[in-house]
1. Can B:Phe96 be described as facing another protein chain (nearest Cβ under 9 Å), free of Cβ contacts under 8 Å to residues at least 60 places away in the same chain and either aromatic (Phe, Trp, Tyr) or touching a Ser or Thr at 6+ places or on another chain (Cβ under 8 Å) (or both)?
2. Would you check which residues across region B:11-35 are touching a residue at least 60 places away in the same chain (Cβ under 8 Å) and under 14 Å from the mean Cα position of the chain (by Cα) and list them?
3. Residues of region B:62-76 being crowded, with 23+ Cβ neighbours inside 10 Å and within 14 Å of chain C (Cβ to nearest Cβ), which ones?
4. Do we find a residue being assigned to a loop (DSSP other than H, G, I, E, B) and surrounded by 18 or more Cβ atoms within 10 Å (Cβ to Cβ) anywhere in region C:4-25?
5. Regarding A:Asp41, is this residue surrounded by fewer than 22 Cβ atoms within 10 Å (Cβ to Cβ) and within 14 Å of chain B (Cβ to nearest Cβ)?
6. On the given criteria, is A:Asp84 away from chain D (no Cβ under 14 Å) and in a helix (DSSP H, G or I)?
Protein chains: 4
Amino acid sequence: MNATYESCIKACLECLEACNHCFDACLQEDVKMMADCIRMDRDCAEICAFAVKAMQTNSPFVKEICQLCADICDACGNECKKHDHNHCQRCAEACFKCAEECRKMVA
Amino acid sequence: MNATYESCIKACLECLEACNHCFDACLQEDVKMMADCIRMDRDCAEICAFAVKAMQTNSPFVKEICQLCADICDACGNECKKHDHNHCQRCAEACFKCAEECRKMVA
Amino acid sequence: MNATYESCIKACLECLEACNHCFDACLQEDVKMMADCIRMDRDCAEICAFAVKAMQTNSPFVKEICQLCADICDACGNECKKHDHNHCQRCAEACFKCAEECRKMVA
Amino acid sequence: MNATYESCIKACLECLEACNHCFDACLQEDVKMMADCIRMDRDCAEICAFAVKAMQTNSPFVKEICQLCADICDACGNECKKHDHNHCQRCAEACFKCAEECRKMVA
């Protein structure tokens with residue numbers, strides 16, 4: 001693994017996992033209330049996967065992609081933290097951590 | 001566009017669009033009942049996008065990917081057709097059409 | 001299809017197709033010279049697919065995603081237009097058209 | 001993380017990383033000779049990412065997706081092991097390991 005990207009890739013993979021788990025779990029809750037969360041979990045999981053791929057392939061667009069990842073992670077984290085479910089709280093945490101690592105990488 | 005794949009790509013793109021629209025619309029309904037539909041819409045949209053890419057890049061795995069696409073489209077269509085919403089009925093139709101085109105392509 | 005997004009989705013799908021075709025065709029050329037083109041074709045196809053999904057699902061991040069799509073399309077178009085191959089020239093054209101539509105949509 | 005899927009997810013993530021790294025490295029080699037490897041690395045990375053998502057979201061299609069992942073990993077591994085480059089040899093290893101874990105999971 002490219003050492004420069006190591007902690008950012010790790011944070012993206014943990015966020016991807018948290019978002020996918022939260023997506024699955026929200027679909028087993030009162031889905032109406034969780035609709036925005038479900039929607040953002042899907043988008044956030046996808047941009048995290050895209051950021052991982054960009055870092056792993058040395059994409060020329062790695063900074064732009066990680067910048068967008070940071071923005072989407074922050075928004076997803078803000079939505080998730082509104083909900084008391086464990087999976088939402090853990091997802092919010094993973095999102096904020098990932099946003100922070102992406103910003104560090106871009107800087 | 002590769003002519004061999006033309007009608008299959010078209011069906012996949014229409015199915016992708018129908019699934020993504022249905023995903024969005026289901027999240028605005030009484031979502032509890034739509035949970036399986038939301039879940040399958042996401043998976044089905046992704047395999048359709050993967051099949052399109054496989055055909056457009058002449059992937060050596062194009063038949064295996066389109067076979068899986070046909071299977072997932074059938075299952076998604078069967079779930080969607082249970083629901084009376086227009087977006088679900090239209091999605092079911094697009095799924096069955098896509099499954100048929102994928103099977104023709106694989107044969 | 002969401003009418004607001006219609007021409008932007010169309011441009012993204014044409015760019016996706018052109019990039020995937022160019023990726024495949026470049027791999028059959030004297031590839032050394034085409035390495036950057038191959039790399040960008042992959043990234044550009046992926047962000048176009050992501051933008052299509054964002055528009056089709058009414059993602060809350062649709063503007064940010066289409067902005068990134070415009071930037072990547074411009075870079076990919078600039079690389080492709082350096083090469084005389086038909087697939088590269090057509091890809092460049094599709095990229096610039098897509099960048100333009102994405103910018104219009106974001107504005 | 002869903003415990004049932006834990007070792008399979010791990011193997012998919014390692015294969016994804018190996019394929020993406022191999023894709024990048026092959027584009028810096030004599031690309032002509034590596035064309036099939038580059039092509040398969042892209043497909044294999046994508047199916048691994050799709051399998052990870054399927055497991056993390058408890059997709060109803062998890063077995064079918066992991067079966068396809070196993071087949072593509074085997075083919076990618078067979079292509080990679082033909083080449084002496086370190087990145088190809090390591091990629092082949094990750095592919096075969098991933099194929100094995102996917103088959104175990106499906107069984």
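1. no
2. B:Ala11, B:Cys12, B:Glu14, B:Cys15, B:Glu17, B:Ala18, B:Cys19, B:His21, B:Cys22
3. B:Ile65
4. No, region C:4-25 contains no residue that is assigned to a loop (DSSP other than H, G, I, E, B) and surrounded by 18 or more Cβ atoms within 10 Å (Cβ to Cβ).
5. no
6. The answer is no for A:Asp84.
The numbers here are math on the coordinates, done by the rules we state, and not lab data. All figures in this text were calculated on a predicted structure; none of them were measured in a lab. Backbone-built Cβ (ideal geometry, glycine too); neighbour counts: all protein chains shown.
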